[in-house]
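The structure appears right after this line, and notes come after that.
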C-alpha cells in the first residue's frame, strides 16, 4: 500500500481506521456547507456526527481559525495530532485524538453537543450524496462528472 504523502493525510488515514473500529463511517475532505471543508467527518449508526480536524504542526493549527465554524455541524468535535504535537495549545473544550498513519486513539473525549434534528437530516443527506458520488466516480471516473452537492 502506498502511504499518503502529506502529514495531514497520514493523520486522516489513522483517524479513519479508529473511527471504523468505533462503528463510525468516516468521509474525508467533506463540505458540510459551502465555504467549509472538514478533514474527516464520521456518521454513527444512530446518526451521531463527529468532525475531526487533523493538525500536523503548531503552524498548521495557528493558521486555521475556521474550526470554530465546524462546531455547529457535529455532535462531537476533535483535533487529531501526532505524538510530537504540543497538545497544550489545543482548546480544552475539543476532544483529542492521537494519531499516525496506521491508527489512532481517543486521548480526550469530546463533549456532546447534539445537532438540531433538521440540521442533522440535512447533513446526513449531504454526507450520503457526497459518499455515493465518490463511490460512483470510482466505478466510472468519467471526466466532467463531479460529486453531487
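The values are calculated or read from the model by the stated rules, or taken from the named source; none is laboratory data. Predicted model, so just to flag it, every value in this text is computed and none were measured. Methodologically, a virtual Cβ is constructed for each residue, glycine included, from the backbone with ideal geometry; neighbour enumeration extends over all protein chains shown.
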Mind listing whichever residues of the range 28-42 are in contact (Cβ under 8 Å) with a residue 60 or more places away in the chain and under 21 Å from residue 101 (Cα atoms)?
30, 41
Those residues of the range 49-82 which are touching a residue at least 60 places away in the same chain (Cβ under 8 Å) and more than 18 Å from residue 93 (Cα to Cα) amount to 82
Is it true that some residue in the range 5-15 is under 13 Å from the mean Cα position of the chain (by Cα), within 17 Å of residue 131 (Cα to Cα), modelled with pLDDT of 95 or more and surrounded by 15 or more Cβ atoms within 10 Å (Cβ to Cβ)?
yes
Among the residues of the range 37-54, write down those that are under 12 Å from the mean Cα position of the chain (by Cα) and either modelled with pLDDT under 95 or exposed (fewer than 15 other Cβ atoms within 10 Å of the Cβ) (or both).
37
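Out of all the residues in the range 115-130, which are surrounded by 13 or more Cβ atoms within 10 Å (Cβ to Cβ) and either in a helix (DSSP H, G or I) or out of contact with any helix residue (DSSP H, G or I) (no Cβ under 8 Å at 6 or more places or on another chain) (or both)?
Listed by number, the residues that qualify are 119, 120, 122, 123, 124, 126, 127, 128, 129, 130.
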Restricting attention to the range 63-93, which residues are surrounded by fewer than 21 Cβ atoms within 10 Å (Cβ to Cβ) and part of a loop (DSSP other than H, G, I, E, B)?
64, 65, 66, 75, 82, 83, 84, 86, 90, 91, 92, 93
Please name all residue pairs, on different chains or six or more residues apart, with Cβ atoms under 8 Å, provided the first residue is in the range 11-27 and is farther than 18 Å from residue 46 by Cβ and the second residue is part of a helix (DSSP H, G or I).
none
